[in-house]
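Notes follow once the structure below has been shown.
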Amino acid sequence: MEIVDNVRSRVMIKKFNAQDKNKSFLDFTSQFDNLITVKNGDSIVLNEKSKTLPMLGYANSCLIFNNKEVTIIIDNEQTIKLNKEQLPKYKFIYVERDKNHYKIEYTNNAKSFQ
């Protein structure tokens with residue numbers, strides 16, 4: 001995994017005790033107004049109605065173990081499996097929705113939600 005060296009990223013990692021190389025942040029950003037369920041291995045780490053705040057472009061987030069399978073279920077209908085090979089390389093994974101299309105961004109830099 002690349003060293004995360006921007007200030008925002010370091011602060012987030014420390015605040016949420018995510019220094020462990022097997023932990024990453026999963027963030028849901030724009031265009032959500034849905035029940036989002038995140039399964040991480042055998043555990044459910046998120047299961048709640050999430051709505052994007054228009055001024056921030058942010059809906060919800062959770063910590064995941066990036067060495068386990070991650071499945072996202074939207075409204076108990078649509079299933080998204082994250083790339084198991086990509087997960088351990090990145091601290092931040094962003095999920096964006098545009099109607100029924102989803103964009104997954106893997107990065108080592110935390111985004112700003114203002």
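The values are calculated or read from the model by the stated rules, or taken from the named source; none is laboratory data. Everything quoted here is computed from the prediction, not taken from an experiment. Here the Cβ is made from the backbone with ideal geometry for all residues, glycine too, and neighbour counts use every protein chain on show. Protein only, heavy atoms only, side chains kept; ligands, DNA and RNA dropped before computing areas. Shrake-Rupley method; radii C 1.70, N 1.55, O 1.52, S 1.80 Å.
Points to keep in mind about this one:
- Failed item in (1) open to solvent by less than 20 Å² (accessible area, probe 1.4 Å); (2) in a helix (DSSP H, G or I), with R10 passing the rest: (1)
- Wholly enclosed strands (runs of 3 or more DSSP E) of the range 48-114 bearing at least 2 residues surrounded by 15 or more Cβ atoms within 10 Å (Cβ to Cβ): 60-65, 70-74, 92-98, 101-107
- The one condition in (1) among the basic types (K, R); (2) exposed (fewer than 14 other Cβ atoms within 10 Å of the Cβ); (3) assigned to a strand (DSSP E or B); (4) touching a residue at least 24 places away in the same chain (Cβ under 8 Å) that K21 fails to fulfil: (3)
- Residue satisfying all of: in the range 34-47; touching a Ser or Thr at 6+ places or on another chain (Cβ under 7 Å) and farther than 22 Å from K91 by Cβ; surrounded by the most Cβ atoms within 10 Å (Cβ to Cβ) among these: N34
- Number of positions in the range 9-20 that are among the basic types (K, R) and either within 15 Å of I93 (Cα to Cα) or modelled with pLDDT of 70 or more (or both): 2
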